[in-house]
Structure formats: C-alpha cells, structure tokens
Amino acid sequence: MSHTVSKPAYDQPEFIEKFTYTGPLGPEIENTGLTLRVWAPLAERVQLRLYRTWQDKNPLLEADFNPVEKGAWSIRVPRDCRNLYYTLEATYDGKPHGEAVDPYATSVAPNGARGFLLDLDQAKPEGWDQDRPPAFHHPTDAVIYELQIRDLSSHPDSGIVNKARFLGLTEEGTRSPGGNPTGLDYLVDLGITHLHLLPIFDFDELDDLTYHPDHYNWGYNPRHFNALKGAFSSNPLDPTQAVLDFRRMVMALHRKGIRVVMDVVYNHTYSVENSHYHKLVPGYYHRTWEGIYSNGSGCGNEVATERPMVRRLILDSLLHWARNFRIRGFRFDLMALIDTYTLNQAQAELHKIDPNFLLYGEGWTGGLSCLPDDQKCLKVNARKTREVAYFSDDTRDTIKGHVFIGDINGFINGGQGLDEAIKFSMAACTEHPQIDYGQLLYVKHAWSSGPHQTVNYFAAHDNHTLYDKLRLTNPNATPEEIKRMIRFAGAILFTLQGIPFLHAGEEFLRTKHGEENSYKSPDSINAIDWNLLDRNKDIQEYFRNLIRFRKHHPALRLRSSQAISRHLQFLDQGESGLVAALIEGVNDPLARILIVYNANAKEREVYLPYGTWSVYIDHEKASLEPLRVVDSGLVIVSGQSAMVLGDSR
C-alpha cells in the first residue's frame, strides 16, 4: 500500500442511501441535441467543454451541468453534437480538479485525451445488424484461445497486411512462408470456439498514433473501461474507425463460428490522482485503508468494486460490451480483487443476454488487499460464484511445474509425486471419491462446484511459454524430447474435464526467447513467429486433432461434478507416474474411453479392461479414427506420453 489520500465517508450508510443513483449516465446523442449525465455527488460545480478536434485548446462551448438527484448532474445541449470531443470538470472547495473524461464515454480521442461523442448506431459496418454470435451450448464445450491482437500479425512473415490492427483478423487466405494458413484461417483450421483477446479497451503506455516494433504493451494499464484502444484501429486519428474495425473483426469471427472473449481489467487503474475517476469523485473509485491506497493489484491501487456506484460502472461496462459489440465472454484480471456480490450480479445480467455467456478469471490477487477474504473472488470461494469459472493453477503447475520457479518440474517433465494432483485435474478440481486430497499441490479439498467452473491450462500470456519452461527445467533434453513433452501436455489438457484454454502459438512451440514477463517487450519477443508453424507442423496437427477428438466426444465434456463422480473411474496401476481413468455410461460415440498418462521416462505396460479397444491418441498422433486395434489384453504406453483408447461395443 502506498500514497496518502484523504478519504470521504463514502462507505457510511448515510452516504450510500443519499447518493446511490440509478438513473441514466453518460451521453445520449440525438440529431436534435445532446443530453449528458454524470455522477459527482460532492462536487460544487460540474462543467462541460465541447471541442471541434481532440487537440483544440479553445472549446466550442463551456456550460454548467445542473444537479438532479442522488449526486447526479445533467445538461442538455440543443444542437447536433455528434463527432465532437468533450471533457468534464468538477469543482471541490472552490478549486477545479482538471478536465476529465466521462467514465461512461464509449469512444475517446487518441491516447484517451478526451471523450468523443460517437453515435454507435451510426458506426455500423455493412451486415452488422444481421450479425449474430454462433451457437454455443455449454461452457465445457469451449476451446478458448488466448491472443494479443498485435502478436497475431506483427511478425514480418505473418502474411497479414493489416499488421497489429483489428482488421488483421478479418483477412482470409493469409499464409506463412511454408504455405500454411495464418491469422483467421489458422484459427478456423485449429478448431477453437472462443478467441480470448488481451485488453482492447483504452489503456496507457502505448501511443495510439505511432507504431514502433519496440514500443509494446499487453494492455493491463486501464484508462477508460468503455472505449476501444485506438492503436488497433486502421486510422487512430478517427475514433469512429476503431468501432467500425472492431465490429468488422467480430463479424468475421462470427462467420467462422468463433465467439469473442474480452479480457477486462476492472481491478485497478493505471493512474490514481491523475485518473479521470479521481478528478470527478476524489477517492471514491479506489480502495483505501487508514488513509492509504490498498495495493492488491501490485500496480499501486485497487478499484473499490464493493461501492455501489463503482459496482454499477462495472456492470454497465460489461453490458455495454455485450450489447454493442456482441462480446460473449469476459476474462477478469486479478478477479479476487472483485467482490463476489458484484460478480454474481454481472453473471445474472449477462446470462439474460446469453445463458452460455463465458465468465472466468484469475482467482487470486497480485498482493495484499484490504477487501475481506470472504468477499474476494478467490479460487477457494468459487462456490460463492457458481456460474463463474476460475483458472486452475493446480492444473497449470501440476502439468509443467511451478510457474515462478524455473527448475521445479511437473508431471510431463520429470516431477515426482503428482499422481493425485493430476487425478484432481482430470476431475476438474471437483469432489471425487478416489482422490487423496491430502496429496495435492495447493489445496486439500475440492474447490470447484463443477467442470464449468474450472479453466484448465498449462501456460498463458504471463510467465514462460511451455517451450521456454521446458528448456529451463530440462536443459539437456533433445528437440525431439521437448516435442514429446509438449505433445504430452496437449494430450492432458484436452482430455481433462473442465474448460481447456490455450495460449496462442503454444501448439507449435512458441518461444519468447526466455523472457518471462513480456508485457512491454518488443515485437521481436512477443510476435507469433509463423515460421515455427512451418517447422513444427506435426505438433500443431497433433493439437488440432486433439481438439477435434475432444469436440467429438461428450465423455470428455461432462456437465456436472455428479456426472464426473459417476462416470469417471480411476484404475489403480500400482506404480507411481502411471495414471489411468475409464469413462463409461455416457451418451458418446464410444461406449468407453480409457485415458492413460505415463509420466515415467520409460514405456509401461497397462492392462486393459475387458473389451475391444482401439488407440485414438498416442505419443505421436491423434485421430478421430482408430490408429490401430489392440488385439491383446494389454497395451504399451511410451514414456512421457498419453494414450487414449476407445471401446465402441
């Protein structure tokens, strides 16, 4: 915690009762005029300034808002104000607090300097009114692919013209130097259902107007929650273009059967005293403890989600993206800094729009927070937010080893004593009678209420890629041994119960050249090198077929913890590092599916249950059709690999 602040009595019942406003906020734009409403409960005066351009020093208009009710202010400007820029300024103790951008602005000037009065109904690309998200039926049907917009196309060999732009994801027919699909065509061929985009709202520390390959940022520096980042637009000087481009991108993905997930960062803001929120309502939007800012984000502050008007801002923001841009999933950064009540309200409202809306996030903080633990969206509180999913760090670190300690190995790369932990992941971190919870990595009990709450992954944008992690933990491994372990990781990921999540490029050995936290590393580190696809097409094809196999078999996508306990049975192999599970009694093209993981360096014999078994996945290939029939009662499973067999009787 840092920074001394003066804290008004925002949390007193009297203040909450007097100033919780439920009326409209933000701009209402019409041909005949503009109505603008802002919440600034203790201000003595609120002014509107309109500008013709984002750089003009002299406003076209200065006018005072009128107080209305519950701390809200309103103004009516009887003229067409569309495509003008605007700011607000609140006065406290006789002193103006500086021009601020409306928290409800849905479009902003380059680098977020001013709000932009854009009529979203006038920024529709052709076909937008007819566009609909593709059908989707249950969270465990998802295959989530995490991507930073810029990374997809910025490499010189991406074959994509609109590099580092939203429109890069609309291009078809793009190819790598070796002739393999890249960009949108690649995503379709891989078979994902949801594209998870790292922050695309307006954020700090990346210039919108000047692209430079060495100037980069992931986007976890929130500036304006409700407006798009101009840097990804084909014309950053025109705020309308960002909306048009983004909607074109969403349409292109929808036409290909892919839904869009937006990475949202409501847990902190990049600036505090200089933030637009602080200028309008000093101290309200951020959590404080004994006069200092709480710093559970590790970024100097936290957003006070438990306060009614902050909660409302977050809910309104989520609904804005869902309704106006057809986002159908949100990933919450440092979700434990959001209170459970807020997230449950968000879930209830978003599921009215789409009952299969995906909501998931990080069930941890980045540091100590003054938000009480029982109110945090921590992984251990998952049952308090039963329709929200949590990243399983249990799965991540069981598969590959500790995410922060480079030389700690996991199940796939030589780690020992992880059998119960991998069984826990196979059961989607739910209750299962055959798991010894005393031997788990981080918890000693089931934390997930069902597979819909468990997001399984082995790597994300944070920390090392899987390839780089394996290079650290297994420095003497040959290239083929590294490939074997990556196949093993993929086979595990896509045969676990729960929701699989894949960081872009992991399936063809993406590397960040040893850089762990590449949040502001140049394109030379972060760009997806499509030459790696050409060199590792066999690995990519393996992952592609793993996805196809998962999507074809409901037995790998069970809907409840009860179904997992009933239909998934672990078969004792009598040896450490050898884990087998049988799934049967499910309405699936295969009557029974047997999954075997061999973490040992050498091959092992596995005795099969009675039946006629065929191999569909092994250490080299994955297929919807049998690779071979097993004509004896046992099968040999190669070292550091998975095998999946099916009985079709």
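Observations, loosely collected:
- Segment residue 538-residue 126, extension gain: residue separation times 0.36 nm, minus the distance between their alpha carbons: 144.4 nm
- Entry note, the chain: the mean residue ellipticity at 222 nm calculated from DSSP H runs of n ≥ 4, each adding -39500 (n - 2.57), is -6500 deg cm²/dmol after division by the residues and rounding to the nearest 500.
- Summing charges over neighbours of residue 644, with a neighbour being any other residue whose Cβ is under 15 Å away from its Cβ, gives +2 when K and R count +1 and D and E count -1.
- Stokes-Einstein D in µm²/s, Kirkwood radius over Cα pairs - the chain at 4 °C with 1.567 mPa s viscosity: 50
- Shape call, segment 222-358: gyration tensor on alpha carbons, a/c limit 1.5: oblate
- Segment 591-649, dipole about Cα centre (Lys/Arg Cβ +1, Asp/Glu Cβ -1), debye to the nearest 20: 100
- On full extension, the segment bounded by residue 471 and residue 76 gains 136.0 nm, given 0.36 nm per residue less the C-alpha separation.
- For segment 495-518, backbone nitrogen atoms closer than 18 Å to the point 7 Å from residue 624 Cα along Cα-to-C-beta are found at 495.
- Positive-end extreme of charge dipole, segment 265-324 - chosen from 277, 292, 314 (charges on Cβ): 314
- Label-point separation in nm, residue 380 to residue 289, each point 7 Å along Cα→Cβ: 1.6
- Once both labels are positioned 7 Å from their Cα atoms along Cα-to-Cβ, the gap between residue 478 and residue 319 label points is 6.1 nm.
- Under 5 Å, built H, 5+ apart or other chain: amide partners of residue 301: none
- Label sites at residue 408 and residue 58, each approximated as a point 7 angstrom past Cα along Cα to Cβ, lie 6.4 nm apart.
- Principal-axis tilt of helix 239-255 within the chain, Cα atoms, nearest 10 degrees: 30
- Residues 269, 91, 365, 210, sorted so that the one with the fewest Cβ neighbours within 10 Å comes first: 210, 91, 365, 269
- Relative packing of 277-284, 438-445, which averages over residues the other C-beta atoms within 10 Å, highest first: 277-284, 438-445
- Positive minus negative residues near residue 276 (Lys, Arg vs Asp, Glu; Cβ under 14 Å): -2
- Flagged links, alpha-carbon separation over 26 Å, of 384/423; 256/537; 57/229; 469/621; 18/379: 18/379
- Of the residues 367, 350, 332, the one whose Cα sits farthest towards the positive end of the charge dipole of segment 263-393 is 350 (charges of +1 on Lys and Arg Cβ, -1 on Asp and Glu Cβ, taken about the Cα centre).
- Karplus (6.51, -1.76, 1.60) ³J(HN,Hα), θ = phi - 60°, over segment 102-114, in Hz, Gly and Pro reported as x: 4, x, 9, 5, 9, 7, 9, 5, x, 6, x, 5, 9
- Where Rh is the Kirkwood radius over Cα pairs, Rg/Rh for segment 391-533: 0.98
- Fewest-first ranking of 473, 174, using other Cβ atoms within 10 Å as the exposure measure: 174, 473
- Kirkwood estimate for segment 246-320, i.e. one over the average of 1/r between Cα atoms, Å: 14.2
- With 10 Å bins from 0: P(r) over segment 577-637, alpha-carbon pairs, percent: 19, 57, 23, 1
- Cβ charges +1 (Lys, Arg) and -1 (Asp, Glu), total dipole of segment 2-141, debye: 380
- From the C-alpha gyration tensor of segment 539-649, square roots of 5λ in Å: 20, 17, 14
Every number here is computed from the coordinates shown, using simple stated rules; none is lab data. Everything quoted here is computed from the prediction, not taken from an experiment. Don't worry about glycine lacking a Cβ; one is built from the backbone with ideal geometry, like all the others, and counts go over all protein chains shown.
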